[in-house]
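First comes the structure, then the notes that go with it.
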Number of protein chains: 2
Amino acid sequence: MTMMGYNGIGLDVDLSRGSLSPFPLEEGFLLRYLGGRGLGVGWLTEREPFPEDPLGEEAPLIFVSGALNGSSAPTSGRFSVTCRSPLTGTIVSANSGGFFGPALKRSGFDMVVVRGKSPKPVWLNIQEGEASLHEASDLWGLGAAAATERLRNLASPQSRVLAIGQAGERGVLFASLVNDGDRTAGRGGCGAVMGSKNLKALVVHGSRTFPAAKEELYKAALYQTQKLIRSFPVTARALPELGTPGLVKLMADHDMLPHRNFQDVSHRPEDVELLSGENLRKTLYVGPTGCALCPIRCGREIVVQGVRGGGPEYETLANMGANLGIYDLQEISLANYLCNDLGMDTISLGGTLAAAMELFERGVLTVKETGGIPLAFGSKGFLCRLTEMTGLREGFGKILSEGSLRLARRFGVPELSISVKGLELPGYEPRATTAQALGYATSPRGGCHLQGGYAVSLGFFGGSREVDRFLIDTVAGHVIDQQDSGCLSDSLGLCRFASFSLGEGEFARLFAGFTGAEIDQTELQDRACLIQNQERRFNIRAGFTRRDDTLPERFFTEAIPLSGKNRLIDRELHFRPLLENYYRLRGWDEEGVPPAPGRKE
Amino acid sequence: MTMMGYNGIGLDVDLSRGSLSPFPLEEGFLLRYLGGRGLGVGWLTEREPFPEDPLGEEAPLIFVSGALNGSSAPTSGRFSVTCRSPLTGTIVSANSGGFFGPALKRSGFDMVVVRGKSPKPVWLNIQEGEASLHEASDLWGLGAAAATERLRNLASPQSRVLAIGQAGERGVLFASLVNDGDRTAGRGGCGAVMGSKNLKALVVHGSRTFPAAKEELYKAALYQTQKLIRSFPVTARALPELGTPGLVKLMADHDMLPHRNFQDVSHRPEDVELLSGENLRKTLYVGPTGCALCPIRCGREIVVQGVRGGGPEYETLANMGANLGIYDLQEISLANYLCNDLGMDTISLGGTLAAAMELFERGVLTVKETGGIPLAFGSKGFLCRLTEMTGLREGFGKILSEGSLRLARRFGVPELSISVKGLELPGYEPRATTAQALGYATSPRGGCHLQGGYAVSLGFFGGSREVDRFLIDTVAGHVIDQQDSGCLSDSLGLCRFASFSLGEGEFARLFAGFTGAEIDQTELQDRACLIQNQERRFNIRAGFTRRDDTLPERFFTEAIPLSGKNRLIDRELHFRPLLENYYRLRGWDEEGVPPAPGRKE
């Protein structure tokens, strides 16, 4: 390795054989795929056979530190987990903050590729470059929190732990990975893949440091980055003060907060008030928490019923609250604690419960199937029980544990699953923002706001960055920019929230300064295109076509009052040009197929 | 009129007959074209026969107040002058700040359409709704400043005056209109059209006020607008502190400051320092000045050789300075005084001098033709003399007064005119920013940064608004957004600099609140599309085709070192996709022809 900022070494773990094999990571490959999501995607698509069965023994599960993990750049603590999703069948890279990413990198490995299936439950320990597998039979069945505590005692107290809870063990299709108690690699069911391998946790520690390759360039970029984060209102004030729950009121004001499985966006103002970040701050809130190297600290520490823990994020409030007609911060916070301990994605759980509630409202689903639970929208007091049943796959929870699409199909009304490619939509109404609608339809992992570009943010920033929420003609370009920028954040290991204040110019200068790579902003953007083209090729190989780049039927056919007008997304007038402009600007053909590898890559 | 915020009355002035006829402006037409540039374009294209000869008697010259003139919105003092340009043959709307626009509106007329040609020089007086024509033979031959002073004494001391200087009288093809001494409707030669009609000046005064139609909505929008302008760094600090001259160093740092007729961007650092806004502030600067209702106050009042006046803007420093190899603030400031008094566009004059200097450098042009003036790049001491000769059309100045394209053609080297559609480029190197390159190629009035979308700004804002300067695929959408937003600023009568901090959401709320029109941001954006489609249709009628949407040959064939690499705009790899994406996103066909009027309009 002449390039700096990396270990240049990955760890191959074959759980069937119990083998642990370090392997070199070539400089060209690192420069091609950077790290985090990019490197995970590059590895899965270039170096592994296509995993026919996401839960099969041969399917790889890839843990990658972000390229800037180990640097001092603000928010540079994020890492990715890449595999084929058992929930959607697409490629998925789940992303998490916390402190695990930098710890993995400092332990001596840039990435860990896990394959095979252990005959018995095990955990993987990496301490200062030394890796070992240990039996985990006595940990199996524990929640993530207890397992984490036990593993720190076993390995070393400074260790960072990435674990599954019971949901991952039992194959909940939207099971997550949990680190630092409440930071999760949430979406797409990576936890189920990990559980299927009988792997309970990764435990890492190391003290390697990474000096910047070009100190002067790096320092200048660092200074500018810090200054921008301090000076933009979103990162300087809004997120530190209220965290993501501050979005509740903003989204409600913009007619974007979903209600009753996305049937409408009509909440009573007093309900919104109850659910708001402002109210959370006044009631359960104890103080802010932050991930590695984060000056923003958007995390909320709360106390509920005497128990201290991580507070619900906006997505949890929207999907397990507003969209279900539930506005009780305490009930949602307790269910959120459960999700963090069982290891489940709150967005998919919320979306699945919302679909169940609409089925119940229609009389398709009754108390007979639910085991006596009245699943009406707004019914109070059942959220924790439903969460537990799902995470443990008990009773009706077994059906819920397969996600909204399988549920709605089972009852003959697949259109009630508000998902794209089988992944439940997060808490942003797409009829209220064409950018986000297109983002959902084109996100590589399905109905996701983040890999869809967090394009919704274009609609409510105010001032000169605002893009009209109902814009059609030019919005594809904005969505692509947002997706590209997000893909680079995910690969460099930076937080999406920092991107509210940073541009790709800063990314390029930080990366070039830290690693010494001769790369500028344009070339970095080409990397983002390559990574997303590879994701697209994987999905095409998995059988996805243009027909899957769509939205739930509801949004095309049911108009709801938004900004004083009845709006829907007209399939021909709105959606077709959005998608076709998107394909064209991506350089994909009319069926959404990228060019053969090589062009501009 | 049930819609508020307008007079609903225009004034038709036929100078051949000496007639003055008020006419009603229908609500539907106002709502369709808003005001300022939009209303001028709408009137010229829908209500007037196509003017075959821009300087012919029948060619109309249209003065229009911005839709928000007369409101209290920040920077809402701008107005437009629309006609067919004698320099380019395209449609042109020249835009100016100062105090004339609101005064025109408060005088009782939203717009004035001037046609015909007066047998003798005249001036038009409008006082409190009463219009009259007066002989101006004793004013003919005066500079704009003296004429303005005399006319205020004649009409009323509070009057605002929009006048031509000697350049307009004598038909300099890039003659401007001057108001308030140093605010000019500069580009495209509207001054020559006014001179061809024997019209020296418009003098206006009135005291009509315009209460907001929806007070609550208007006040909320006003509050938000003021807050955004106060909080964004560009409008809160950069422009107030250094004015547009603050761009000199920024552009030089970004390799965007042109040199030697755009042959390169290599200036000595000490020269840039001399020309900089920082140095202007340290030397000639007296204090800031501002247009009507402007909280930014980017204007610079200076004193040179004991004479107080308006300081040079960035464009003047770049085009009559850096691009000529001249870095003397004093010499440029004096020449700028002359341009303001003679009434000439400093960008086109600078571009024409630059072309002449390159012809001189090549030996095509010699001291024989220039009347003994050595026209080498960087030659000091001749700038004022050349300016005067051009404005008065004396000697070699007569040739210069026809602009760079006619000059370069005359000497057989048309490619040395750095112009698009015959309009000289402003001070931003297009090889250094693909967005601006596309903006230049597609601006309706030719090589213009403003109607080209001021897309260059995308490249240097830093932080999350930064768009890579060498981006290709998605940049057309950004350029269109910028052009649309700019078109709305020009129509509403707001300043482009306010748009650094405002979005079209603010535009819509201000306009709806002020006029009571039921219109939202999306519909306002549709107005921007209509206006630009009408401009495009006019230009097609004038004989322009896709072939004219191009750049000077230099930028396709001569690579210069930028950001450490040799860059040019490759005609096939870069420029073709830029233009084709642009057409497509605009909804134009492959030849750049808009659809038949009506669709979405």
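Remarks
- Peptide A:518-525 shows a mean partner chain C-beta count of 4 within 10 Å per residue C-beta.
- Using the Cβ-Cβ distance between A:Ser137 and A:Ser72 with R0 set to 51 Å, the FRET efficiency from 1/(1 + (r/R0)^6) comes to roughly 0.80.
- Calculated on C-alpha atoms, the gyration radius of the range A:381-461 divided by its Kirkwood radius gives an Rg/Rh of 1.07.
- Estimated translational D of the range B:9-205 in µm²/s (Stokes, Kirkwood radius over Cα pairs; 10 °C; 1.306 mPa s): 99 µm²/s
- Taking the label point 7 Å along Cα→Cβ, A:Asp570 and its counterparts in the other copies are spaced 4.0 nm apart, in ascending order.
- Beta bridges by DSSP in chain A, antiparallel share as percent, to the nearest 5: 80 percent
- Short-range pairs are left out: with C-alpha atoms under 8 Å and at least six residues apart, the relative contact order of chain B is 16 percent.
- Scaling the Cα radius of gyration of the protein assembly as shown by the globular reference 2.2 N^0.38 Å produces a ratio of 1.00.
- Peptide B:380-388 has a mean shielding of 0, counted as Cβ atoms of other protein chains within 10 Å of each residue's Cβ.
- Listed peptides A:292-304, A:520-532, B:308-320 by packing density, highest first (mean Cβ within 10 Å): B:308-320, A:520-532, A:292-304
- Local net charge near B:Asn95, Cβ-Cβ under 13 Å (Lys/Arg +1, Asp/Glu -1): +4
- Rounded to the nearest 20, the size of the Cβ-charge dipole of chain A about its Cα centre is 540 debye, with Lys and Arg at +1 and Asp and Glu at -1.
- Compactness of the range A:272-399, expressed as Rg and Dmax over alpha-carbon positions, Å: 15.1, 50
- Teacher prompt: A:Met4 distances to equivalent labels in other copies, 7 Å Cα→Cβ, nm: 6.5
- In angstrom, the C-alpha Rg and Dmax of the range B:1-114 are 13.6, 40.
- Cα shape, the range A:195-248, gyration tensor, a/c 1.5 rule: oblate
- Computed over neighbours whose Cβ is under 14 Å from that of B:Leu450, the net charge equals -2, Lys and Arg +1, Asp and Glu -1.
- Dipole in debye (nearest 20) - the protein assembly as shown, about Cα centre, beta carbon charges: Lys, Arg +1; Asp, Glu -1: 680 debye
- Within 10 Å of the Cβ of each residue in A:473-483, the mean number of Cβ atoms contributed by other protein chains is 6.
- Fraction of alpha-carbon pairs over 19 Å apart in the range B:336-427 - percent: 31 percent
- Using the Cβ of B:Thr235 as centre and a radius below 13 Å, the other residues enclosed give a net charge of +3, where K and R count +1 and D and E count -1.
- Hydrodynamic radius of the range A:149-307 by the Kirkwood approach over all distinct alpha-carbon pairs: 19.2 Å.
- Pairwise FRET efficiency - A:Leu217 versus B:Glu46, Cβ, R0 = 56 Å, nearest 0.05: 0.50
- Rule-of-thumb Rg ratio for the range A:102-148 [Cα; 2.2 N^0.38 Å; N residues]: 1.28
- Normalising by residue count, the range A:416-532 has a Cα convex hull of 108 Å³ per residue.
- Dividing the Cα radius of gyration of chain B by 2.2 N^0.38 Å, with N the residue count, gives 0.89.
- Segment A:Ala376..A:Thr209, full-extension length gain: 54.7 nm, with 0.36 nm per residue of separation and the alpha-carbon distance subtracted.
- Between this copy and the others, label points of A:Asn153 are 9.9 nm apart in ascending order, each placed 7 angstrom from Cα in the Cβ direction.
- Chain B residue with Cβ closest to the axis mapping B onto A, distance in whole Å: B:Gly477, 1
- Between A:Arg230 and A:Asp526, the simple spin-label model (points 7 angstrom out along Cα→Cβ) gives 3.6 nm.
- When the helices of chain A are scored as -39500 (n - 2.57) per DSSP H run of n ≥ 4 and the total is divided over every residue, the value at 222 nm lands at -11000 deg cm²/dmol.
- Spatial separation of Cα centroids for the range A:226-254 and the range A:41-110, in angstrom: 28 Å
- Dipole axis of the range A:255-331 (+1 Lys, Arg; -1 Asp, Glu on Cβ), positive-most option in A:Leu324, A:Tyr314, A:Val286: A:Val286
Each reported figure results from applying straightforward, stated rules to the coordinates on display, with no laboratory input. Values in this document were obtained by computation on a predicted structure and should not be read as measured data. Counting neighbours? That spans all protein chains shown, and the Cβs are built from the backbone with ideal geometry, glycine included.
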